[in-house]
Structure formats: structure tokens, C-alpha cells
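*Asks:* Below you will find the structure I want to go over with you.
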Amino acid sequence: MRIINVVGARPNLIKIAPLMRAYAERDGIEPLLVHTGQHYDDNMSDLFFRQLGIPEPDLNLGVGSGSHAVQTAEIIRTFEPVALEFEPDAVLVVGDVNSTIACGLVAAKLGVSLVHVEAGLRSFDRTMPEEINRVLTDAISDLLFCTEQSGVDNLRREGVAEEKIHLVGNLMIDTLLRNKARADASTVLTELGLSPSEYAVLTLHRPSNVDDPETLRRILEAVEVIQQDLPLIFPAHPRTRARLAEFGLMDRVGALENFRVLEPLGYLDFLKLLASARLVLTDSGGIQEETTILSVPCLTLRENTERPITVEMGGNQIVGNDPGRILAAYRGIVSGEAGSGGTPPLWDGHAARRIVEVLERAL
Ligand code: UD1
Ligand code: UDP
């Protein structure tokens, strides 16, 4: 059984690593790995292959950056001949990025079984490009693997046949649990002169937060206050770094004594930084999940989340991007009022094994 597995962006790499390992432990599946090249900087792509032991991709489509239409179209155009040449029994896509929907569409149109991992998540916010990718990918998938019960409920409500839906846990957490001890050995705290629990971490990359100068300025108002209290470490996504420069905000940011803008970090250093933080402020999907398992309080700088389990477990608060609201929630955490997470059902490090077992039965 030949399966083409697709990766494109940083979080896809973290999810595919345990699956590639699980395939290698069984006989029945011939996995191919295709990188679309949506992310291409060493610290957004190759570094994760090296650190997580992901096999070299069989092919890199090299699509790079572009508008949504250009990037999606380029992936569709370059992936179709690959799918035709390799004649896979299935194409497996993860997450909700442009590479996910583009390769999913190619598979579905060629009549190849489409498998979506991380299916059913819904923010119910169609202004978010990922929500469109999620809804469309799920609508054309033949097998849908969910990380949390809300995903199963959403798919049922949308009329997806029961036998296609499988609640299996979370590949991102498989990777976290497997690498936690390695990350503990990272020297990143010493290198940055930080002590455990005496700093906060910020990540930002959603277009709704960083592409509008007014919104980005408002978030920086909260950042300015928090960094007076606690060192704030900010491994900046390339989109965000570009916007800070474009909006002339680099000087303002550079003048903040306790705010450290870094390049994106490798997985092990970043996991160490998360695990030891007093709190995390983020608009990332994956980081809401990782902080939940690590029991580190998380403030999500968005108006909604497609991962409600992280809120239900008590560690994640949805606070939007208004500085007053961010700071009120921040003060709640430092005064010990907030919850700190826990372990959602099946987030036990064995999602990849469950997925492979279903694939062997179903395909
Ligand atoms: C993409 C995903 C988003 C995901 C995020 C993870 C879509 C629609 N968005 O957003 O869901 O949460 O990845 O990080 O698929 N850039 C570089 N180097 C790189 C990659 C990007 O400099 O290696 C810069 C380019 O200027 C590019 C911009 O970042 O235009 C945005 O990259 P893109 O892949 O389009 O979207 P992300 O914001 O990374
Ligand atoms: N991450 C990382 N280095 C960083 C920032 C994030 O390794 O500097 C990891 C993080 O631990 C998580 C994943 O990247 O596993 C999240 O990716 P991102 O926030 O880019 O995307 P999203 O999850 O929002 O789609």
C-alpha cells in the first residue's frame, strides 16, 4: 500500500515525524514523503528534519511563498504530475495550511483516497484562511482522523459518514512526549540568561494579528507592559518580522529592555523554552496544545480557537488582541488565579500507531 504523505509548513513537520516512524515499524505500507516547499528557511524546515529524524523527502516541489491563489495554484500544478507518476493508494495530508487543501484537491480529483489528519477542528471564523482549508479538506476526505471530541462532533454535524471518522489523539503530542527528555537537556535558558518560571514566551504569526499595523501596535502595547515585569522572549515568525520592519516598528521593539526578538528556534530549544516558561502568549494552533500538555498557562491572542479542549482543560484563555484584556488575564496568571492545563483523552504519545492501524484496516 503506497501512501504519499504531504508536508509544507513548520507545524506539518512536527506532526509527520511520528507517523513516518510508525510506518517504518510495520511492513504493509510504502510511505513516500513530498515537501511542497511552502516553508523553506533552514529554521522553518530542514532543521526540523534533522532534529526529529524525519526521512529526506522523496521530492520537494519548491513552491515557496506567494499570495493564497498563487501558492495554492502552484502546489496543485506541481503536485498533480507527482500523484500521477507514483500512483499512490492514498494521499495523506495534515493540518490546515495551503499545502493541505492543495494536495487534497489533487488527490480527490484523481480519485485517490484522501486521508486528513487533524480533521474536524473549527474556529467558525471564515475570515481565517485556515478555516477555509479545514472545511474544504474535510469535505473531500475519505478518512478523517481527529485529535479531540469537538472535531468528531463537528464532522458529524456536517454530515460526514460515521465510518470515516476516527478519534486517535494528537501527533503533535506524540512528538512532544518523545522529545521532552531531549529538550530538557537544551542549554537555551543558560544561553539567554533565563531562569525557569521567570520569563514569558510570545509567538505571533496570524495575518489577523500581524498584517494590520493598528492591531500589531495594540498587541505591542501589552508587550511593553508585560516586559517591565517579566522578560519576554519572542522567536519571531518570518511573516511577523517582515511586518514589523514594513510598519517601522523595529525601533520601538528594539528599545524595550526586557523584550527579546529572536530568530525562529529549533524544536528542542523551543520546547525547553515553553516547558519552563511562567506563561505563554500566542496565536499559534499547535502551541495552545503543547502548553496544555506541559501545564503552562497560555493566553491565546485570538477571538476564538478551533481547539476548545485546550480551554476546557483549564490552561488556555482566549483573550483577543485588546491590550486591556490581555493585561487583565496576564495579571490573573501571575497572581496565581489561572488554571494550567492537563491531558486530553488519547494525547498519550500513541496517535501515530492508532492512525497506521486504521490505515491498514481501511485502505
Ligand atoms: C502558514 C500557514 C499557517 C500556519 C503557519 C505555520 C497557510 C495559509 N498558512 O502561515 O496556517 O499556522 O504557516 O507557521 O498555509 N516566509 C519566509 N520563510 C519561510 C516561510 C515563510 O520568509 O520559510 C515568509 C514569506 O515572506 C512569506 C510569509 O513568511 O510570504 C508567509 O508564509 P506563508 O507560508 O504564506 O504563511 P505563514 O504565515 O507562514
Ligand atoms: N515552534 C518551534 N520554534 C519556534 C516556534 C514554534 O519549533 O520558534 C514549534 C512549536 O513548538 C509547535 C509548532 O512550531 O510545535 C507550531 O507552529 P506554528 O505556530 O508555526 O503553526 P500553527 O501551529 O499555528 O499552525
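*Asks:* Given H placed 1.01 Å from N in the peptide plane, which residues other than close sequence neighbours of residue 281 have an amide H under 5 Å from its amide H?
*Replies:* 201, 202, 203, 299
*Asks:* Enumerate the aspartates and glutamates that residue 164 could reach by cross-link, defined here as Cα to Cα under 20 Å, with residues fewer than 8 away along the same chain left out.
*Replies:* Within the straight-line cut-off, residue 164 pairs with 89, 96, 118, 138, 142, 148, 153, 357, 360.
*Asks:* To continue, here is another question. List, in order, the whole-Hz ³J(HN,Hα) value for each residue of the range 217-225 obtained from phi through the Karplus relation with A = 6.51, B = -1.76, C = 1.60 and θ = phi - 60°; use x for Gly and Pro.
*Replies:* Result, rounded to whole Hz: 4, 5, 5, 5, 4, 5, 4, 4, 6.
*Asks:* Roughly how large, in nm² to one decimal, is the mean projection of the convex hull of the alpha-carbon atoms in the chain?
*Replies:* 16.5 nm²
*Asks:* Please work out the Cα center distance from the range 273-331 to the range 153-174, rounded to the nearest Å.
*Replies:* 24 Å
*Asks:* Using a 10 angstrom cutoff on alpha carbons, build the Gaussian network for the chain and name the most mobile of 324, 336, 37.
*Replies:* Evaluated over the chain, the most mobile residue of the options is 336.
*Asks:* Quick one: work out the % antiparallel among DSSP beta bridges in the chain, nearest 5.
*Replies:* 0 percent
*Asks:* Once the other residues with Cβ under 12 Å from the Cβ of residue 53 are scored (Lys, Arg +1; Asp, Glu -1), what is the net sum?
*Replies:* In short, +3.
*Asks:* I would also like to ask the following. Specify the angular offset, from 0 to 90 degrees and rounded to the nearest 10, of the alpha carbon long axis of helix 171-184 from the longest principal axis of the alpha carbons in the chain.
*Replies:* 50 degrees
*Asks:* For the chain, modelled as a Gaussian network with Cα springs under 10 Å, which listed residue fluctuates most, 53, 193, 254?
*Replies:* Largest GNM mean-square fluctuation: 193.
*Asks:* Under a Cβ-Cβ cut-off of 11 Å, what is the net charge of the residues other than residue 363 that fall near it, where Lys and Arg count +1 and Asp and Glu count -1?
*Replies:* -1
*Asks:* In addition: Placing +1 on the Cβ of each Lys and Arg and -1 on the Cβ of each Asp and Glu in the range 218-262, which of 236, 222, 259 has its Cα farthest towards the positive end of the resulting dipole?
*Replies:* 236
*Asks:* Quick one: helix 68-86 against the long Cα principal axis of the chain, what's the angle to the nearest 10°, folded into 0 to 90?
*Replies:* Computed tilt is about 30 degrees.
*Asks:* Still on this structure, I have one more. To the nearest 10 degrees, how steep is helix 98-110 against the longest Cα principal axis of the chain, on a 0 to 90 scale?
*Replies:* That helix lies at roughly 10 degrees to the long axis.
*Asks:* Using a cut-off of 14 Å between alpha-carbon atoms, which aspartates and glutamates can reach residue 180, once sequence neighbours fewer than 8 places away in the same chain are excluded?
*Replies:* Residue 180 reaches 269, 290, 348.
*Asks:* In nm, give the distance between the simple-model label positions of residue 328 and residue 361, each being 7 Å from the Cα along the Cα-to-Cβ direction.
*Replies:* If labels sit at residue 328 and residue 361, their model points lie 4.8 nm apart.
*Asks:* So, one more: Would you work out the relative contact order for the chain, in percent, from Cα pairs under 8 angstrom that are 6 or more residues apart?
*Replies:* Once normalised by length, the contact order is 16 percent.
*Asks:* With springs only between Cα atoms under 10 Å, which of 175, 78, 282 fluctuates most in a Gaussian network model of the chain?
*Replies:* 78
*Asks:* Also, I was wondering about something else. From the square roots a ≥ b ≥ c of the eigenvalues of the alpha-carbon gyration tensor of the range 115-180, which class results: rounded (a/c under 1.5), prolate (a/b over b/c), or oblate?
*Replies:* Since a/c reaches 1.5 but b/c is at least a/b, the shape of the range 115-180 is classed as oblate.
*Asks:* Which net charge results for the neighbourhood of residue 156, defined as the other residues with beta-carbon distances under 15 angstrom from its beta-carbon, given Lys and Arg at +1 and Asp and Glu at -1?
*Replies:* For residues surrounding residue 156, the net value is -3.
*Asks:* What are the ³J(HN,Hα) values, in whole Hz, obtained from phi via the Karplus relation 6.51 cos²θ - 1.76 cosθ + 1.60 with θ = phi - 60°, for each residue of the range 276-282 in sequence order, with x given for Gly and Pro?
*Replies:* 9, 6, 6, 7, 10, 10, 7
*Asks:* Return the sequence-ordered ³J(HN,Hα) values of the range 147-158 in whole Hz as given by the Karplus equation 6.51 cos²θ - 1.76 cosθ + 1.60 applied to θ = phi - 60°, using x for Gly and Pro.
*Replies:* Working through the residues one at a time gives 8, 8, 4, 4, x, 4, 4, 4, 5, 4, 4, 7 Hz.
Read-outs throughout are calculated quantities, based only on the coordinates presented, and are distinct from any laboratory measurement. Computed from a predicted structure; not experimentally measured. Counting neighbours? That spans all protein chains shown, and the Cβs are built from the backbone with ideal geometry, glycine included.
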